[in-house]
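Trainee: I am attaching a structure below and will ask some questions about it afterwards.
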Amino acid sequence: MKRAGCTAVNLNSIKYFFKEAFTSLVRNSWLSVSSIGIVTVSLIILGASLLLVVNAEKLAQSVESSVEITAFLKEDVGKVERDRIKDKIKENSAVSTIEFISKEQALKDMKQSFGERSDILESLEDSNPLPDAFRIKTKTAEAVPAAARALEKINGIEQVRYGQGVVEKLLNVTKWVRLASIVTLGLLTLAAVFLIATTIRMSVFARRREIGIMKVLGATNWFVRFPFMLEGIVLGLTGGLLAILVVDLGYLSLMQKVKVSLPFIQLVNESQVILSILGSMIGLGIFIGALGSWFSLRRFLKV
Amino acid sequence: MIQLYNVSKVYENGVKAVSDLSLHIKKGEFAFLVGPSGAGKSTLIKLIFREELPTRGQVMFNGKNILRMKPREVPHLRRKIGMVFQDFRLLPQKTAAENVAFALEITGTSSREIKRLVPAVLEQVGLKDKGDLLPAQMSGGEQQRVGIARAIVNNPLIIIADEPTGNLDPDTSWEIMNLFQDINRRGTTILMVTHASDIVNTMKKRVIALQNGGIVRDEESGVYRREP
Ligand SMILES: Nc1ncnc2c1ncn2[C@@H]1O[C@H](COP(=O)(O)OP(=O)(O)OP(=O)(O)O)[C@@H](O)[C@H]1O
Ligand SMILES: [Mg+2]
């Protein structure tokens, strides 16, 4: 874009570009509205799934820090045997901390959690049925299931328990959300690009006479194409702004509701994270618009 | 200024519009291009304007081989050529002045220059007070004057006109011809396709006669006649 004719863009040209772009938008109003609509829908899906993923990840992280494995020992395991098992557990590289919980400690803990009603446990004092156990933490939440399976194989360990599959489920959910939204987003983006390309094609067709005159007068390719590029970008941008509006308002009201009815769940509300999600929506909107017009102009606007 | 060397043009559908044609047009000349319908006159113009590429041969414009031009140089070639058409090709939603200004906007002329040049050129073509009219509000002759104003406002080296009086009555045609002659006297080369025999015969300019895509006659102060 270093040609003399391009650098000397004056106010007239800029006014001209915008006027032409908007005239076309109005002329193809039905197609324009459909293009904007599909851009909006795909960007809402993008925004919603990004929000879902960041929230699921945050939840996984908070669960992660509290998830631990409990390995119950067999009745007849003595002190020597216990140390051997402990060393065996330490050998697993995923394990970060090990804590021994004796059966007496376990009963005490249980009483504590029962609080005032601990009297119902009185009768257990003499014949404590609880087993000795190790409480084990892993370095990451993902490592929990595999570590648990490895621990089960150690001699002297009766049973292994961990967060009832919470971590697995959560990670599974984010995986599926990601996959599903990538596929839907991909398809919708394609449809949006196609629809915008069609809109631009109609505009080019409606103004082919004018385009012919511009070429005769020595207009650069760039000058002829710019209003159409602008039209596509305006379509994408409008779709993006509408989607932002929907996602932002939707998320705000969701946060309000969660605060009231599920106060223990903390939704992501860091403005930096949310702004970058909204920003990527706008960015994709503009990209879709520009890509659509570019395809159309490449095919239908040769000098 | 324009040189064609052994130029042939075969369209994609197999029609041979121009065959082995060589032609020189010098700076400052006024030349008529005549010949029956389908002789290849418009095709020849399109080859000079680089709207069509020749199948064979070379085309030079102002010392440059236009076939070796990069696509981005083409607009700059076209700015040196002022085109005038039989159907005027004005933008219907723009006034006379805006149509002329549009040619300047496209070349990136500043607003101040546009404000200065447009009234001057409108006055030159005799439309001093008609700048605010839309094409639909003007007569054919007036519309063609706007077309001419638009063609000369960027100071081209040559005006190429394809049957500029084809839609005009004889009196108006003469007014337009006088305007072209006036422009030619100021130094601009003119190449004009026409079927108007009385104009060609009266003006006594160079006449290039085409038939079946080839030049059958090329003479100074020539006349219009049916070729044998
Ligand atoms: N774009 C095109 N594709 C295919 N054939 C074409 C094309 N343009 C012109 N022709 C053919 O080429 C031949 C020359 O056409 P051209 O328009 O140059 O004639 P012309 O001398 O300008 O005629 P007229 O006086 O009627 O305007 C004709 O047979 C025409 O049908
Ligand atoms: Mg013709």
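The values are calculated or read from the model by the stated rules, or taken from the named source; none is laboratory data. What you see is a predicted model, and the numbers here were worked out from it, not measured in a lab. Every residue, glycine as well, gets a Cβ built from its backbone with ideal geometry; the counts of neighbours run over all protein chains shown. In case anyone asks, the SASA skips ligands and DNA or RNA and just uses the protein heavy atoms, side chains included. Shrake-Rupley method; radii C 1.70, N 1.55, O 1.52, S 1.80 Å.
Trainee: Using the charge dipole of the protein assembly as shown (Lys, Arg: +1 at Cβ; Asp, Glu: -1 at Cβ; taken about the Cα centre), state which of B:48, A:182, B:179 has its Cα farthest towards the positive end.
Mentor: Farthest towards the positive pole: B:179.
Trainee: Using only the alpha-carbon atoms, what does chain A span along each of its principal axes? Please give whole angstrom values in decreasing order.
Mentor: Projected onto the principal axes, the Cα atoms of chain A cover 103, 41, 30 Å.
Trainee: From the helices alone, meaning DSSP H stretches of at least four residues, give me the mean residue ellipticity at 222 nm for chain B, per-run term -39500 (n - 2.57), in deg cm²/dmol to the nearest 500. Display every interim value, and only then the final one.
Mentor: Numbers: 7 runs with 75 residues, N = 228.
So the helix-based figure for chain B works out to -10000 deg cm²/dmol.
Trainee: Give me the log10 of I(q) over I(0) for the protein assembly as shown at q = 0.08 Å⁻¹, as the Debye formula computes it from C-alpha points; what are the numbers?
Mentor: Cα-only, vacuum Debye calculation for the protein assembly as shown: -0.70.
Trainee: When we measure straight from the Cα of residue A:15, which lysines land under 30 angstrom away, once same-chain ones fewer than 8 places off are left out?
Mentor: A:2, A:215, A:302, B:70, B:80, B:94, B:115, B:128, B:130
Trainee: Further, regarding this structure: Can you work out the base-10 log of I(q)/I(0) for segment A:68-162 at q = 0.15, 0.21, 0.23 1/Å, using the Debye formula on its C-alpha atoms alone?
Mentor: -0.62, -1.00, -1.12
Trainee: Continuing with the same structure: So if I take the alpha carbon set of segment B:27-127, get Rg, then get Rh from the Kirkwood formula, what is the Rg over Rh ratio?
Mentor: 1.01
Trainee: Remind me, relative contact order of segment A:68-162 in percent, using alpha carbon pairs under 8 angstrom and six or more residues apart?
Mentor: 54 percent
Trainee: Over chain B, calculate the relative contact order: mean separation of alpha carbon pairs under 8 Å at least 6 apart, over the residue count, as a percent.
Mentor: Answer for chain B is 28 percent.
Trainee: Kindly provide the Kirkwood hydrodynamic radius of chain B in Å, to one decimal, from all pairs of distinct alpha carbon atoms.
Mentor: Over chain B, the inverse of the mean reciprocal pair distance is 18.2 Å.
Trainee: What is the helix-to-structure angle for A:103-114, meaning the angle in degrees between its Cα long axis and the longest Cα principal axis of chain A, kept from 0 to 90 and rounded to the nearest 10?
Mentor: 60 degrees
Trainee: Then there is this: Please state the relative contact order of chain A as a whole percent: Cα pairs under 8 Å, 6+ residues apart?
Mentor: RCO, chain A: 32 percent.
Trainee: For the Cα atoms of chain B, what angle does the longest principal axis make with the long axis of helix B:96-106, in degrees from 0 to 90, nearest 10?
Mentor: 70 degrees
Trainee: Another question about this same structure. I'd like the projected area of segment B:112-204, averaged over all directions, using the convex hull of its alpha carbons. Report it in nm² with one decimal. Walk me through the numbers before you get to the answer.
Mentor: Values: hull surface 24.8 nm².
Projected over every direction and averaged, the Cα hull of segment B:112-204 covers 6.2 nm².
Trainee: Oh, and also: Determine the dipole magnitude for chain B: charges of +1 sit on the beta-carbon of Lys and Arg, -1 on that of Asp and Glu, nothing else is charged, the reference point is the Cα centre, and the result goes in debye to the nearest 20.
Mentor: 920 debye
Trainee: Among A:146, B:170, A:70, whose Cα sits farthest toward the positive end of the charge dipole of the protein assembly as shown (+1 at Cβ of Lys/Arg, -1 at Cβ of Asp/Glu, about the Cα centre)?
Mentor: After comparing all options, I get B:170.
Trainee: Along the Cα-to-C-beta direction of residue A:300, a point sits 7 Å from the Cα; which residues of segment A:205-230 have their amide N less than 19 Å from that point?
Mentor: Only A:205-215, A:221-230 fall inside the zone, counting backbone N under 19 Å.
Trainee: Taking a probe of 1.4 angstrom, what is the accessible area of residue A:111 in Å², to the nearest 10?
Mentor: 50 Å²
Trainee: Can you tell me how much longer the chain between residue B:182 and residue B:111 gets when fully stretched, taken as 0.36 nm per residue apart minus their C-alpha distance, in nm with one decimal?
Mentor: Here the segment from residue B:182 to residue B:111 would lengthen by 22.8 nm.
Trainee: Additional query: For the Cα atoms of chain A, what angle does the longest principal axis make with the long axis of helix A:29-66, in degrees from 0 to 90, nearest 10?
Mentor: 20 degrees
Trainee: Then there is this: Determine how many Å³ per residue the convex hull of the Cα atoms of segment A:202-303 encloses.
Mentor: Hull volume normalised by residue count: 99 Å³.
Trainee: Strictly over 24 Å apart at the Cα level, which of A:74/A:108; A:58/A:86; A:79/A:137 would you flag in this model?
Mentor: A:58/A:86
Trainee: Taking the Cα centre of the protein assembly as shown as origin and charging only Cβ (+1 Lys, Arg; -1 Asp, Glu), how large is the dipole, in debye to the nearest 20?
Mentor: Details: 69 positive and 52 negative charges, 508 e Å.
My answer is approximately 2440 debye.
Trainee: Picking from A:127, A:160, B:110, whose Cα lies most toward the positive end of the charge dipole for the protein assembly as shown (charges on Cβ: Lys, Arg +1; Asp, Glu -1)?
Mentor: Comparing the listed Cα positions along the dipole, B:110 ranks first.
Trainee: Determine the calculated [θ] at 222 nm for chain A from helices alone, applying -39500 (n - 2.57) to every DSSP H run no shorter than 4 residues and normalising by the residue count; nearest 500 deg cm²/dmol.
Mentor: Estimated from H runs of four or more residues: -24500 deg cm²/dmol.
Trainee: Let me ask something additional. Which residues of segment A:257-303 show a drop of at least 10 Å² in accessible area when all protein chains are present, compared with their chain alone (probe radius 1.4 Å, heavy atoms only, ligands and nucleic acids excluded)?
Mentor: Residues meeting the cut-off: A:303.
Trainee: Using the Cα centre as the reference, give the magnitude of the dipole from point charges on the C-beta atoms of chain A (Lys, Arg: +1; Asp, Glu: -1; all else neutral), rounded to the nearest 20 debye.
Mentor: 2740 debye
Trainee: Now for a different question. Sticking with the crude label model, points 7 Å out along Cα→Cβ, report the distance from residue A:88 to residue A:169 in nm, one decimal please.
Mentor: Calculated label separation equals 3.1 nm.
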